[in-house]
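The structure appears right after this line, and notes come after that.
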Amino acid sequence: MVNSESNQYDEAAFVPGHVTGFFSAHPDENPAAAGSRGAGITLSHGVDVRVERGGHGGTPDDASRQVRLNGEAIEIDAAARVLEALDATDARVVAETPLPVGAGFGVSGAIALGTAYAVNAAYDRGRSENDLVRIAHCAEVEAGSGLGDVVAQARGGLPIRLDPGAPDHGQLDGIPASPRVEYVSFGRVSTEEILSGDTTALTAAGERALSDLREAPTPERLVSLSRRFAREADLLTDHVADAIAAVRAAGGDAAMAMLGETVFAFDGGLSAAGYDPEVCSVHPAGATLLAEDGGDDDC
């Protein structure tokens, strides 16, 4: 597609947001093999990513400054690494999302993956989907901003990450369901700070949750095991704990998004507890290029 204002050649992609319910961390010297195991939800609320070919004229040294998110310049190291990997450091990346940043919705991973898809089309790089997912996943791992969002966002649905790593390293499964999703966010949590610290207890809790979910892969189990994981991994904040308690008192269940001060629930759990949540659905498919005449249907 052509940007009529700048006469630059554009391509755009949509990447669903992703909420991780629980995970275990698996570092590796090879970023394609590093990652996480766990389970989560891809959302119809996501990120639209447009790449303008030649819109930046930058170099690898300042590529991290060529991303605009909701109209503001922002540094996203993972996106810069994708541009370098695909030899497109002259591109400008323009992203828009209704999701809060740094609150557990995989926005960084979505921008990295959307950039890979859009650059591949705009610059005619001829890469396969697995190649592009691998590039974006490695960029996230190397940037320290995520371990499993990208592979989940490429799949869609309610993904279960059975193995860590990029597509040629990790195996995925999923829960065959599509419930209504509610969420409220109270603030940010530093993914980099948590992932760079001691993740031993967190990983043990995540492994237990994954084993239990595989015995009964249902949405209800996903939420209850995610709630247990946040408690066992000692990640709960006061705001999150209070919201979860309120939902349970109202007869529902809720859990914390990893990693953010965000609470999610299926169906009407947060509404029944008196909150005014954002509402969307499970996104049935993964990341995709957008057609010239329109975008992805939202909830």
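The values are calculated or read from the model by the stated rules, or taken from the named source; none is laboratory data. Keep in mind that this is a model prediction, so the values were computed, not measured. Every residue, glycine among them, receives a Cβ derived from its backbone with ideal geometry; neighbour counts consider all protein chains shown. Accessible surface areas use protein heavy atoms only, side chains included; no ligands, DNA or RNA. Shrake-Rupley method; radii C 1.70, N 1.55, O 1.52, S 1.80 Å.
Show the residue pairs meeting these rules: Cβ distance below 7 Å; 6+ apart or different chains; first residue within region 124-141 and part of a loop (DSSP other than H, G, I, E, B); second residue polar (S, T, N, Q). Close Cβ pairs satisfying both conditions: Arg127/Asn120. Scanning region 108-137 for residues that are within 14 Å of the chain's Cα centre (by Cα) and not polar (S, T, N, Q) yields Gly109, Ala110, Ile111, Ala112, Leu113, Gly114, Val133, Ala136, His137. One residue stands out among those in region 29-59 that are at pLDDT 95 or above and among the acidic types (Asp, Glu): the one that is farthest from Gly286 (Cα to Cα), which is Glu29. On the stretch given as region 115-137, residues that are farther than 21 Å from Phe23 by Cα, touching a Gly at 6+ places or on another chain (Cβ under 9 Å) and open to solvent by less than 20 Å² (accessible area, probe 1.4 Å) total 0.
Taking the listed residues Gly251, Gly206, the one that is surrounded by fewer than 20 Cβ atoms within 10 Å (Cβ to Cβ) and of a type outside the set (Val, Ile, Thr) is Gly251, with no other qualifying. Residue count for region 195-227 satisfying the condition of being more than 19 Å from Leu162 (Cα to Cα) and free of Cβ contacts under 8 Å to residues at least 24 places away in the same chain: 2. Note on region 188-242: residues that are over 17 Å from Ile175 (Cβ atoms), part of a loop (DSSP other than H, G, I, E, B) and not aliphatic (A, V, I, L, M) amount to 8. Residues in region 7-23 that are assigned to a strand (DSSP E or B) and over 16 Å from the mean Cα position of the chain (by Cα): Gln8, Tyr9, Asp10, Glu11, Ala12.
Residue by residue through region 177-194, note down the ones that are without any contact (Cβ under 8 Å) to a residue 24 or more places away in the chain and either in contact with a strand residue (DSSP E or B) (Cβ under 8 Å, 6 or more places away or on another chain) or not charged (D, E, K, R) (or both). Don't jump to the end; show me each part of the working.
At the first step, the residues of region 177-194 found to be without any contact (Cβ under 8 Å) to a residue 24 or more places away in the chain are 193.
Result: no residue meets the conditions.
Please work out which residue is farthest from Gly148 (Cα to Cα), limiting yourself to region 260-281 and to residues that are aliphatic (A, V, I, L, M) and surrounded by fewer than 22 Cβ atoms within 10 Å (Cβ to Cβ). Reasoning before the result, please.
Our first condition is that a residue be aliphatic (A, V, I, L, M); within region 260-281, this holds for 263, 265, 270, 272-273, 279.
With the extra rule that they be surrounded by fewer than 22 Cβ atoms within 10 Å (Cβ to Cβ), the set shrinks to 272, 279.
Details: Ala272: 31, Val279: 23 Å.
Checked region 260-281; the qualifying residue farthest from Gly148 (Cα to Cα) is Ala272.
Are any residues in region 39-54 within 13 Å of the chain's Cα centre (by Cα) and crowded, with 24+ Cβ neighbours inside 10 Å, and if so, which ones? Across region 39-54, the qualifying residues are Ala39, Gly40, Ile41, Thr42, Leu43, Gly46, Val47. For region 179-199, the set of residues classified as modelled with pLDDT of 90 or more and surrounded by fewer than 16 Cβ atoms within 10 Å (Cβ to Cβ) consists of Arg180 only.
Across region 141-171, the number of residues qualifying as open to solvent by less than 10 Å² (accessible area, probe 1.4 Å), over 21 Å from Glu11 (Cβ atoms), in contact with an Asp or Glu (Cβ under 7 Å, 6 or more places away or on another chain) and at pLDDT 95 or above comes to 1.
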